[in-house]
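A short write-up of the structure that comes next.
Values quoted throughout were computed directly from the atomic coordinates according to the rules given, and no laboratory measurement underlies them. Treat the numbers as computed from the prediction; the structure is a model and nothing was measured. Every residue, glycine as well, gets a Cβ built from its backbone with ideal geometry; the counts of neighbours run over all protein chains shown.
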Ligand code: SF4
Ligand SMILES: [Zn+2]
């Protein structure tokens, strides 16, 4: 059942639309220090921070681009002064963005930027059956979860990235930020090539078959990288598309199947007849399809007929489960993307990091809202929200306000990620230094 | 981190271009025994241009070598833009390269290899100096140079190519048999149709960071794991090209930084500016000024003939001036100059020119005024007055980049200086085969929109000479229009050819 997502439980006085609420959040809860270290990758402010663009949204629609800051203190000061409803992170330029007017226009050039991805539920409207538009529930989140798993695996195993941060976008999508040094310095061309590699599902509303990745050879194998992804999502396809979402129920579902599968007329007609009575589930249909495949295979596992058919079932699974990324976001260094830990203005929810190993169980509606967090802060200090490991109340004095709120596990997760990024950054620098020393001999 | 680095000691930063040419004190003695055979300076046909030329270069060579290379690059740029069928593209490219930038392999006979290769090298380096100055120029230069390089790489002798690759010592890791058999299925899955696993074992694979071969990644032609792309032999050109582009890109930026020092050399700067201006306007620089003289081969043209020639053979710019003069009985200064020199170059002698212009102005001007003011100017442009300079007719480049026409002016290049509606009007009026709303006209207007004015003009030439040139052949041999008189001469030539062919058929 679709669960609508109004900004539930936010009392009027704690609405994300209220400037006082936002200001209280920025003053007491936003994790400035790990945020700075995440972008800067070391303690001393470097170009990664000082030459970085921040874009603020003020009020409903005023957009202020090209802010940049010398250090995290300046950044915080400005956030508290301007009190943006949200802000976005851009690239590192060759010139400090706020000084851009002091140089000729064409001189300003984005140089570095985390590699980012954006997956949005609206791209799944044609495959999900539970909700549509801006709504999202636990059930359709399954598509996002499957996408995250595949993309995460492919970015790590194939492309060799290590430092991926997945961040819930506060409403119906998820972002990924990759902070590896060589991800930062990818050119737009290189980013585009990677995105094109990952764009397996392609085509608008009018295109029925959206997966065409065999270079026109419909009996050929999949590129092994996609094949690996397929292995990862097969089980999710059964669990989510067939069983939970029941994507191929009714006549419309039947027609979708028949349009995507490579079967002859007679078989198609016989299925159509068989499935015409209502109550034949997607799972029933799929079993029929599989046993037909098994028959073809018996007749000849290398026959073109079988290969064609089995390829078409693979393509169908990819079409339903392979990540549908918003390609434009990833292709260019100068694309702005909403920062982690800002508040989604519509839902009031915090954009929190998500752990990939737990993404299946992630509950978007359980992400804390700014109102909830401020209420938790309002609770008397003697009753902290956070328990120690042994279940006892933490005896020590809490250093930060957020530790008393349900934001804590998310910030802990973030800090763990940041520590790893910084460690690698340090090691990379050491290697450079060592090689310099050895050159001096 | 992103470049396929070379361990070649000669490629180190110390030997990177300083001020460009001749900054390297190294002296090489060519162990050349006869007029042919590769020398130690140019052991291979292919060249990454890592070392600036060290020999003395005369100013004349400086310019000539650069201009002939520029011709090739502008041609490549135009060809890339025209989305021709691959076969035709290759043919046209091949003929231009042969004509202006031939490079023979070591086994070639009767060729002065060293001379060819020196030409190639100097040309490349001069253009580097000319084109390092703006991001636009750099981008265009890299694009066209790598296309030229690609073509040469693909046409190179297989053995020499391997030797050359070896000499560069790329940091490519060869994938050994054990790893190949481990990844067998994965590697085979990326091969084109009908390839099989045994092919993988027999092939020479290298592994490189995936981002060094973006074109192979985007088309999923490689297997990628652990950040590495596994590249079979057939695709290694991608790697070489990527390295070529990257090194050239970096070198150009460095040259740009050191260029200001060269500004003092006032012999070189005018040449360099001229070259870069040509490149920006997509026109190859003109190395000949034979249009200054009347072409001795051209037949005598009389005032009476001009109208007939105009409708048949004039490019848009001159057609426009011709009809303006007819309609308004007047042309402003630059228009008179542009049209007058054009007429002179196509063979209208001074006495006929005086007749033509006198008639052209008609009753709007008294004989007295004509004789006093205009006659002198016409004689002057024929080198009969004043300094007695024989002025050459204006080239497309001069027309495109010279004085911009003001509100009352009619000179310039219509493709560049007209509003789209006016241009379309002019074209359908001047060239009846071009129809309003036709696909062809749209194609021409597209080129105009992309600021490829000479491509548009060349396309019109093709359209108006359907029996003589096919699409892509330009004014012949794939050449672009780059001088109005060239346009005219070619048009006339084709007319004669067609007639010559038609006549014998009439005799029974
Ligand atoms: S391109 Fe050259 S010949 Fe053609 S109209 Fe323009 S100036 Fe004249
Ligand atoms: Zn739902």
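For the reader, a short list of remarks on this structure follows.
- C-alpha long axis of helix A:19-28 to longest principal axis of chain A, angle in °: 80
- Note on segment B:166-241: the alpha carbon radius of gyration divided by the globular reference 2.2 N^0.38 Å gives 1.02.
- Segment B:51-79 and segment A:114-132: distance between their alpha carbon centers, rounded to Å: 53
- Kirkwood hydrodynamic radius computed over segment B:397-448 comes to 11.8 Å, based on all pairs of distinct alpha carbons.
- For segment B:334-387 versus segment B:400-417, the gap between their alpha-carbon centres in whole angstrom: 20
- log₁₀ of I(q)/I(0) at q = 0.13, 0.16, 0.19, 0.21 Å⁻¹ - segment A:201-321, Debye sum with one point per alpha carbon: -0.51, -0.80, -1.16, -1.40
- Distant alpha-carbon pairs in segment B:346-424 (separation over 23 angstrom), percent: 40
- Rounded FRET efficiency, nearest 0.05, which uses the C-beta distance separating residue B:162 from residue A:28 and R0 of 51 Å: 0.15
- Cα shape, segment A:1-160, gyration tensor, a/c 1.5 rule: oblate
- Alpha-carbon centroids, segment A:289-357 and segment B:134-176: separation in whole Å: 37
- Diffusion coefficient, µm² s⁻¹, Stokes-Einstein with Kirkwood Rh over alpha-carbon pairs of segment B:98-142 at 37 °C and 0.692 mPa s: 274
- Note on segment B:109-231: Cα convex hull, mean projected area over all directions, 10.5 nm².
- Short to long, the 5 Å bins of the Cα pair-distance histogram for segment B:303-500 hold 1, 7, 16, 20, 20, 16, 10, 6, 3, 1, 0 percent of all pairs.
- Volume in Å³ per residue [convex hull over Cα atoms, computed for segment B:36-132]: 116
- On Cα atoms only, tilt of A:304-321 relative to the major axis of chain A in degrees: 30
- Among the residues of A:193-206, the average count of other protein chain beta-carbon atoms within 10 Å of the residue beta-carbon is 3.
- Kirkwood Rh (inverse of mean 1/r, distinct Cα pairs), segment A:136-266, angstrom: 17.2
- Working ranking of peptides A:65-71, B:128-134 by packing, defined as the average number of other Cβ atoms within 10 Å per residue, highest first, is B:128-134, A:65-71.
- More than 12 Å apart - percent of Cα-Cα pairs taken over segment A:266-324: 73
- Calculated mean residue ellipticity, 222 nm, chain A: -13000 deg cm²/dmol, from DSSP H runs (n ≥ 4) at -39500 (n - 2.57) each, averaged per residue and rounded to 500.
- Virtual spin-label span in nm between residue A:420 and residue B:173, 7 Å along Cα→Cβ: 2.2
- Here the Gaussian network model covers chain A, with springs between Cα atoms less than 10 Å apart; of A:190, A:372, A:105, A:105 fluctuates the most.
- Against chain A, whose longest principal axis comes from its Cα atoms, helix A:282-299 is set at around 60 degrees.
- Relative contact order (%) - segment A:201-321, alpha-carbon pairs under 8 angstrom, separation at least six: 38
- Sorted by Cβ neighbour density within 10 Å, fewest at the top, the residues B:272, A:398, B:70: A:398, B:272, B:70
- For residue A:205 and residue B:150, a Förster radius of 41 Å and the Cβ-Cβ distance give a FRET efficiency of 0.55, rounded to the nearest 0.05.
- Take each residue of peptide B:211-223, count the partner chain Cβ atoms within 10 Å of its Cβ, and average: the result is 6.
- Relative contact order of segment B:366-508, pairs being alpha-carbon contacts under 8 Å that are 6 or more residues apart, as %: 16
- Taking all pairs of distinct alpha-carbon atoms in segment A:278-359, Kirkwood radius in angstrom: 17.5
- Value of relative contact order over segment A:59-147, rounded to a whole percent, pairs C-alpha under 8 Å and six or more apart: 20
- Debye log10 I(q)/I(0) at q = 0.25, 0.31, 0.33 Å⁻¹ for segment A:302-343, Cα point scatterers: -0.88, -1.00, -1.04
- The alpha carbon convex hull volume per residue for the protein assembly as shown rounds to 276 Å³.
- Rounded to the nearest whole angstrom, the semi-axes of the ellipsoid equivalent to chain A, taken from the Cα gyration tensor as √(5λ), stand at 44, 28, 20, largest first.
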